[in-house]
Amino acid sequence: MKDFWNERYAEEGFAYGVEPNDFLKDNFLHFPKDGKILCLSEGEGRNALFLAKNGFEVTAVDISEVGLKKAMIRAKEENLSLKTILSDLETFGFGNETWDGIISIFGHLPPKIRQRVHQNIYPSLKTNGVFLFEAYTPEQLLFKTGGPKDESMFLTKTIIESELSELNPVIFRTCVREIQEGKYHSGLSAVVQFLGKKY
């Protein structure tokens, strides 16, 4: 997977554009003001840099050094503070009550790694911390406008209810929506959107 993502991010331009994800853009004010935010599978940094612009202390983690390097170049160009960590989420240390917010935007993972990540969300969030993500559902295979080809890496409401049961859902829905995020996310898409809070 590391080689796959390094090759993708080595392409000219930005694989998923430079604008933040719509769901994040519409809901980032749910995060505690000026909080510490962890961005999972953050790639070239579009969402992390958006949060940094809005006053958050942001850490971006990804398996691709190429993607993170591009994120840091943009951060320096825009005079933004950004911390990056090169790590596989299979071994990444989330910490305990460390984050005011965690985001995952189309961060599709094999089931075992996804389960490990989800097990770490609740304990690593501070009280009133928020987990926000958008992901493709299995129906996305009909649209073919982005995402993995392995159905086991998609998310369903049942999986989320099971693996993130400790969080209080504030937003939790599936929908079909238009996505324009660079050349790899383009067109009508079947997604699940989740924003959960730790009390």
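The values are calculated or read from the model by the stated rules, or taken from the named source; none is laboratory data. It should be emphasised that the depicted structure is a prediction, and the values quoted were computed from it without experimental measurement. Backbone-built Cβ (ideal geometry, glycine too); neighbour counts: all protein chains shown.
Scanning the range 1-45 for residues that are over 26 Å from PRO169 (Cβ atoms), touching an Asp or Glu at 6+ places or on another chain (Cβ under 8 Å) and assigned to a helix (DSSP H, G or I) yields LYS2, TRP5, ASN6, TYR9. Residues in the range 72-89 that are among the aliphatic types (A, V, I, L, M), touching a Lys or Arg at 6+ places or on another chain (Cβ under 9 Å) and closer than 19 Å to MET1 by Cα: 1 in all.
The combined condition, being modelled with pLDDT of 95 or more, of a type in the set (Ser, Thr, Tyr) and part of a strand (DSSP E or B), is not fulfilled by SER162. Candidates in the range 46-75 are the residues that are of a type in the set (Asp, Glu) and surrounded by fewer than 22 Cβ atoms within 10 Å (Cβ to Cβ); of these, the one that is nearest to PRO20 (Cα to Cα) is GLU57. Of the residues contained in the range 110-128, none is found to be closer than 29 Å to GLU12 by Cα, assigned to a strand (DSSP E or B) and of a type outside the set (A, V, I, L, M, F, W, C).
Pairs meeting the criteria (first residue in the range 81-104 and touching a residue at least 40 places away in the same chain (Cβ under 8 Å) and among the small types (Gly, Ala, Ser), second residue in a loop (DSSP other than H, G, I, E, B) and surrounded by 13 or more Cβ atoms within 10 Å (Cβ to Cβ), beta carbons under 8 Å, at least 6 apart or on different chains) are GLY101/PHE31; GLY101/PRO32; GLY101/GLY35; GLY101/PHE56; SER104/SER41.
Selection of the range 90-106 for residues being surrounded by 20 or more Cβ atoms within 10 Å (Cβ to Cβ) and not aromatic (Phe, Trp, Tyr) yields ASP100, GLY101, ILE102, ILE103, SER104, ILE105. Per the conditions (1) of a type outside the set (A, V, I, L, M, F, W, C); (2) buried (at least 19 other Cβ atoms within 10 Å of the Cβ); (3) part of a strand (DSSP E or B); (4) in contact with a helix residue (DSSP H, G or I) (Cβ under 8 Å, 6 or more places away or on another chain), the sole criterion not satisfied by GLY147 is (3). Taken together, ALA52, ALA48 contain a single residue that is farther than 23 Å from GLU178 by Cα and not in a loop (DSSP other than H, G, I, E, B), which is ALA52.
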